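One structure is given below, encoded as C-alpha cells.
Derivation of every value follows stated rules applied to the coordinates shown; laboratory data play no part. Computed from a predicted model, the values in this text were never measured in an experiment. Here the Cβ is made from the backbone with ideal geometry for all residues, glycine too, and neighbour counts use every protein chain on show.
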Amino acid sequence: MFLPVGASSLAAIAVAVASIGIVYFVKRLNERRRFYHDNDVPKPPHDWFWGHAKVVGEYTAKITGDYMQAAWTQMKYDFKLPEVFYLDMWPFGPEFIMCTGPDATAFPTTTNSFAQADVVTDFFTQSIGAGTFMESTNGPLWKELHQMMAPGLTPSATKTYHDAILDEAQRLHDRVRRFTASGEVVDMSAELGRYPFAVIWHVMFGEKASSPELYEITRRLADISTAVPRLNPMTRFLEKREQAVIVKRLEVEIDKITRARFTEMKALKALPTRTTATSILDRMLLGHVQSGQDLDNRLTTLISENSKGMLAAGFGTTTDTSSYILMLLSVFPHALAQLRAEHSSIFPPSPSATLSLLRANPAITKDLPYTTAVIQETLRLFPIGMVVRKPPPSMTSFELNGRTYPVRPEHYFGIMCYSSHYDPAIFPSPSAFRPERFLTEEPDFPRNAYRPFERGLRSCIGQNLAMEEMKIALVMLARWFDFELVGHNPVGVPRLGHTDLDTKIGDHAFQKARFSAGPNGAAMMRVRLAERDS
Ligand code: HEM
C-alpha cells in the first residue's frame, strides 16, 4: 500500500515507540517475575506471564462478593502457605507481602509502624476527594490532624455525645417498629445507616444535618467508592461523574458550616479547649480563633477533606457491622437469646424506660459483656477492610520467626486480619458465631490475632464511638424485634473450605468492597415484634 512520506514516517515512529514500549514492558515483567522464581519465597503457584493474577482470578470466581480476603485466605489453606506469603499481581495490581498470622500482622503495625500506603491515599483522593484525610496521610501532617481530631473521640469525649446518640437510637427504634406493622421487606442497611450518619454528623459539626438528602448522597458515595476496579468502563465513567457531583455538594455544605461556626467562635467570650470542645470542627478551628488568624485555604481544605473522610469512615463501617450483627442474630438464635437475657437482667421492660436508664446512667454501657462480645464476634467474622502499609524505602529484607524475607521497593504489606480471624488453630470452629469466645477475663487467643480496628499508632480513632453506638443500638433493638433475612440465597454446600456461613447468610457471607467491606448487596429483612412484646 502506498503511503505519503509523512504518513510512513509517522507509522515508523509509532512502530518504534510501540517496540520500545513492548521491550520495556517485557524487561519489567521479566525482572519482576524472576524475583519470585529466583527467591524461594512462600507463594501460591506462580506463572511467568500472569504472575498470580490467574490463580487469584480462579479463587475470586468462587466467591459471591468482590472483597478478596476470603479468596486469599482460602488460597493460604489450599496451598499450605505460612503466615507470610507473596502475591505478584503486577501489572493488574500491587505486589503484596501478605501478613496473615499474629506475628506477621504485628510486624508492620505494632512492632514497627510502617507508613500508610500511597495506594490508600490515591483511593481517598479519587473516591471522596480527600487526599489529606487523616487516614491517608503520614508524618507531620498525620500528627497535626491526629492532635486536632483524636481528642474528640476518646472514651470520655464519646460520653459527651451520649444524649445525641440516645436521641438517634430512639429514632432508630421507632423506625424499625413502624416496619413491624406493615410486614414489608426492608433494606435494613439503609435504615440502620441513618443512625451512625446522624451521630457522626453531630460529632463532626455539633449540629444535626440540615437535610435528609445529605444522608442519601453520603450513602450513595460510600456505595460507589470502591478500590476494586470496575470491569465495565461505562459504569466506571458514570460513577465517577456521580461521585464528583456528590463530593461537590458535600463540600459546599461543609464550607457553609465551617464559615458560620468560625464567625460564631470568634464572637465567643470564653473559648473551649481541645479537650472541652464539643465537636471535631471546633477542635480544628480552635487554633486559628485563639491566635486571631483568618480562615485560610489550607485550614478550610483540611476541614473539608477530613469532614468528608470522617463522614464516610464513621458511617459506612458502623452500618456494615450493624447489618452483619442483625443477620447473624437472625440465624444464630442461641446468641439472640443470650443477648436478650443480658438486656432483661439490666434494663426495664419498656423501650422508653430503657432509654431513660441509659440516659441517667451513661456508664451502664461498660457493663454489657455479652452485647460487647456479640459485636466483637461479628467484627471477627466480618472485618471491614484490609490494611495496606508501605515499608521504608531502605528495607531490602526482614526477619520473622527465624526466617528472612526479601523485600522489593515495589512491595506493599497486606495486613490480612481476616486470615487470623478464621484460623482454626486460633479460633476453633472459626465460622461458628460464638460471642462466648470474648467472655473470658483474659482472651484465650494471642492479642495480635484479633485486629478489626487495627493495632498500633495507626489504629482506628473512632473505635470507642463505634462500639458505643453499636451497643446502644443493640440494647434498643434486640429485645423487641425479630429480624428475618430474605433474598440472600443460602447454599446447601459451602463454596469455600474455611467458612460455611454461606449456608446461613448466603451471598452476604462474602463481603463486597465499597468504602468499607460490607454485606454483598442490601441486607433485605422482614421485621416482626418479638413475642414478649407483641
Ligand atoms: C465498626 C466500626 C469501625 C471499624 C471496624 C473501623 C476500622 C478501622 C481500621 C481497620 C482502621 C485502620 C485503617 C488503616 O490503617 O488503613 C481504621 C482507621 C481509622 N478509622 Fe475506623 N473503624 C470503624 C469506625 C470508625 C468511626 C466511627 C470513625 C470516626 C468517628 C473512624 C475513623 C477512623 C480514622 C480517622 C482512621 C485513621 C486513623 C489513622 O490513620 O491514624 N472509624 N478504622
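Extension gain for D40 to T111 (0.36 nm times residue separation, less C-alpha to C-alpha distance): 23.1 nm. Among the GluC sites (Glu not before Pro) in the range 167-202, those located in a DSSP loop and surrounded by at most 13 other Cβ atoms within 10 Å of their own Cβ are E184. Computed from Cα positions, the angle between helix 280-290 and the longest principal axis of the chain comes to roughly 90 degrees. Between the range 234-277 and the range 170-232, the alpha-carbon centres lie 19 Å apart.
Once the Cα-Cα distance is subtracted from the 0.36 nm per residue extended length, the D174 to A360 segment shows a gain of 64.9 nm. Taking Cα atoms only, the orientation of helix 69-78 departs from the longest principal axis of the chain by about 60 degrees.
Note on T273 and H162: with the Förster distance fixed at 22 Å, the Cβ-Cβ geometry gives a FRET efficiency of about 0.65. Compactness of the chain, taken as the C-alpha radius of gyration over 2.2 N^0.38 Å, stands at 1.05. Can you give the translational diffusion coefficient of the range 327-418 in µm²/s, computed by Stokes-Einstein from the Kirkwood radius over Cα pairs at 4 °C and 1.567 mPa s? Approximately 74 µm²/s, per Stokes-Einstein. A straight Cα-to-Cα reach below 17 Å connects K240 with the lysines K248, K308, residues fewer than 8 places away in its own chain not being considered.
Among the trypsin sites (Lys or Arg not before Pro) in the range 188-237, those placed in a DSSP loop whose Cβ has at most 16 other Cβ atoms within 10 Å are K208, R230. The modelled label-to-label distance between V26 and K143, using points 7 Å beyond Cα along the C-beta direction, is 5.0 nm. Over the range 419-531, the ratio between the Cα radius of gyration and 2.2 N^0.38 Å evaluates to 1.23. Here is the result for the range 247-353: no GluC sites (Glu not before Pro) lie in DSSP coil with at most 12 other C-beta atoms within 10 angstrom of their C-beta.
Both radii come from the Cα set of the range 133-185: Rg as radius of gyration, Rh as Kirkwood radius; their ratio Rg/Rh reads 1.30.
The calculated FRET efficiency for V228 paired with R403, based on their beta-carbon distance and R0 = 22 Å, is about 0.10. Here the range 1-130 is treated with +1 on each Lys and Arg Cβ and -1 on each Asp and Glu Cβ, and its dipole about the Cα centre works out to around 320 debye. On a full-extension model of 0.36 nm per residue, what is the gain between A522 and K240, subtracting their alpha-carbon distance, rounded to one decimal in nm? This chain segment gains 99.4 nm when fully extended. Could you compute the FRET efficiency for V15 and V486, with r as their C-beta to C-beta distance and R0 at 60 Å, rounded to 0.05? Efficiency at R0 = 60 Å is approximately 0.55. Once the Kirkwood radius over Cα pairs is known for the range 266-392, the Stokes-Einstein relation at 37 °C and 0.692 mPa s delivers a diffusion coefficient of 174 µm²/s.
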